[in-house]
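Here is the structure we will look at, set down as structure tokens.
The values are calculated or read from the model by the stated rules, or taken from the named source; none is laboratory data. Just so it is clear, the model here is predicted, and its values are computed rather than measured. Every residue, glycine as well, gets a Cβ built from its backbone with ideal geometry; the counts of neighbours run over all protein chains shown. Note: areas computed on protein heavy atoms with side chains; ligands, DNA, RNA excluded. Shrake-Rupley method; radii C 1.70, N 1.55, O 1.52, S 1.80 Å.
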Amino acid sequence: MKSELADMSMVDERAVRNDNEKPDAVPVPHALVPHLDETAILLDIDGTLLDLMPTPREVWVPPGLSETLNRLTERTSGALALVSGRSLNDIDLIFAPDVFRAVAGHGAEMRLSVDNEADDVHAPPLDKELKRRLAAIAKLSPGILLEDKGYSLALHYRLAPHAEKAIYESVSLIRADLPSAPIEVLPGKFVCEIKHSGFTKASGVRELMKHEPFRGRRPLFIGDDVTDETVFAIMPDMDGLAFSVGRRAMGVNGHFDAPADVRMFLARLLDPR
């Protein structure tokens, strides 16, 4: 976390900064602690809470993180949610046996209650023929990993970075053949994801904030990737705070250098000192 720290008044000033200015600080944890009962904590997973790994299946939850998330959930009366491009099933496998409220699949899925087995699913599955054609792109290189989420399909190329251009060119050709298909391409960190248009992490967060225990609270969102920028953009509408990780994203209130700094910040929120 940056050594230069700001109090809450400085953070609020950054919320209305000119988009051309770069944020350079994150809030002092003790400035937020008295307000946790009025705050909704929204957290991206990969590259934000967890360190990125060569493949999505290799990520792991560091010791103490689940305890921190559970304690923050208790301190906020349940107003903590994971906001991820991963599916709900994938999130649960990573954090098992813990279960958290979540906006998953870039807004395609949502869990409003950890006690309710029925999850709200907002997006229809991708067309089978479209998925078949997109899946064939993985054959461009043995290092490309295919992830089928039902409502989206992701092509991970961290193990084959040389294939990036070919992947996006192939996706563009398929889209040109199907100009009316309601799909959107999401570029990410060594991943190209194709999903149904009409839902994003931002649309999921907007819906989440309409429900208890999030309704009426001030959201604090932390994310790292291009797909998180839609959430950064709506935080001012909700009087919220946004922080980026690993880069100085535009329109945010501050940034962290790495996921380890985010985990330390969250743990310090619970420190009575």
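Quick notes
- Residue satisfying all of: in region 168-185; of a type in the set (V, I, T) and assigned to a strand (DSSP E or B); surrounded by the fewest Cβ atoms within 10 Å (Cβ to Cβ) among these: V185
- Tally of residues being at pLDDT 95 or above and either outside the structural domain of D257 (by the TED database) or assigned to a helix (DSSP H, G or I) (or both) across region 50-71: 7
- Within region 186-196, tally of residues that are closer than 27 Å to K128 by Cβ and open to solvent by 70 Å² or more (accessible area, probe 1.4 Å): 1
- Breaking point among (1) modelled with pLDDT of 50 or more; (2) outside any helix (DSSP H, G or I); (3) open to solvent by 70 Å² or more (accessible area, probe 1.4 Å), for D37: (2)
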